[in-house]
Amino acid sequence: MIYSDKVMEHFYSPRNMGVLIDANGIGEAGDPKCGDIMKIYIKVESNIITGVKFKAFGCGSAIASSSIATELIKGKTLEEAWKLTNKSVIEALQGLPVIKEHCSVLAEQTIHNAINNYRKLQKLELWESNLK
């Protein structure tokens, strides 16, 4: 498999890796059977994602997708972050092998789950995801 330089960069030097202790939204997605699991922690203040960290268990594409996704949503409003798609993760990584594109979908799902976890804790209506 051929990976872009951007995928390799985010795999070898992931951004925002770890646990965000003061997170007020946490999302998890993945399939233990296939081995890719992501967890994203967000800190939301005045509707802006001011902090974000991730933990990922899986292949290099899963780690790179998590890393770039956290960079793409940091500083964004919840509405802007919700609009992040797996396609925008793939574009930011300058491509993923087709067999690894599910990792970008996982990043989108995990972000949606973190945002809805925040919304649930704030007693707000949950948003509907287009992902199944």
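The values are calculated or read from the model by the stated rules, or taken from the named source; none is laboratory data. Because the structure is predicted, anything quoted here is derived from the model rather than measured. No Cβ is skipped: glycine too gets one built from the backbone with ideal geometry, and neighbour counts run over all protein chains shown. Keep in mind that these areas ignore ligands, DNA and RNA; they rest on the heavy atoms of the full protein, side chains included. Shrake-Rupley method; radii C 1.70, N 1.55, O 1.52, S 1.80 Å.
Report yes if Asn130 is touching a strand residue (DSSP E or B) at 6+ places or on another chain (Cβ under 7 Å), farther than 22 Å from His10 by Cβ and either in a helix (DSSP H, G or I) or polar (S, T, N, Q) (or both), otherwise no.
Against the criterion (touching a strand residue (DSSP E or B) at 6+ places or on another chain (Cβ under 7 Å), farther than 22 Å from His10 by Cβ and either in a helix (DSSP H, G or I) or polar (S, T, N, Q) (or both)), Asn130 does not qualify.
Just give me the residues in region 82-101 being open to solvent by less than 40 Å² (accessible area, probe 1.4 Å) and on the phi > 0 side of the Ramachandran plot, in sequence order.
Hit for region 82-101 is Gly95, nothing else.
Just the residues that are of a type in the set (Asp, Glu) and either farther than 25 Å from Gln94 by Cβ or open to solvent by 70 Å² or more (accessible area, probe 1.4 Å) (or both), please, taken from region 1-51.
Selection gives Asp5, Glu9, Asp22, Glu28, Asp31, Glu45.
Within region 5-26, how many residues turn out to be in a loop (DSSP other than H, G, I, E, B) and either free of Cβ contacts under 8 Å to residues at least 24 places away in the same chain or touching a helix residue (DSSP H, G or I) at 6+ places or on another chain (Cβ under 9 Å) (or both)?
Looking only at that region, the number is 7.
Considering every residue within region 98-108, establish whether at least one is within 13 Å of Gly30 (Cα to Cα) and touching a Gly at 6+ places or on another chain (Cβ under 9 Å).
For region 98-108, residues within 13 Å of Gly30 (Cα to Cα) and touching a Gly at 6+ places or on another chain (Cβ under 9 Å): present.
Looking only at region 52-80, which residues are surrounded by 19 or more Cβ atoms within 10 Å (Cβ to Cβ) and polar (S, T, N, Q)?
Residues satisfying the conditions are Ser61, Ser65, Ser66, Ser67, Thr70.
Quick one: is Leu84 out of contact with any strand residue (DSSP E or B) (no Cβ under 8 Å at 6 or more places or on another chain) and hydrophobic (A, V, I, L, M, F, W, C)?
Yes; evaluated as a whole, the condition is true for this residue.
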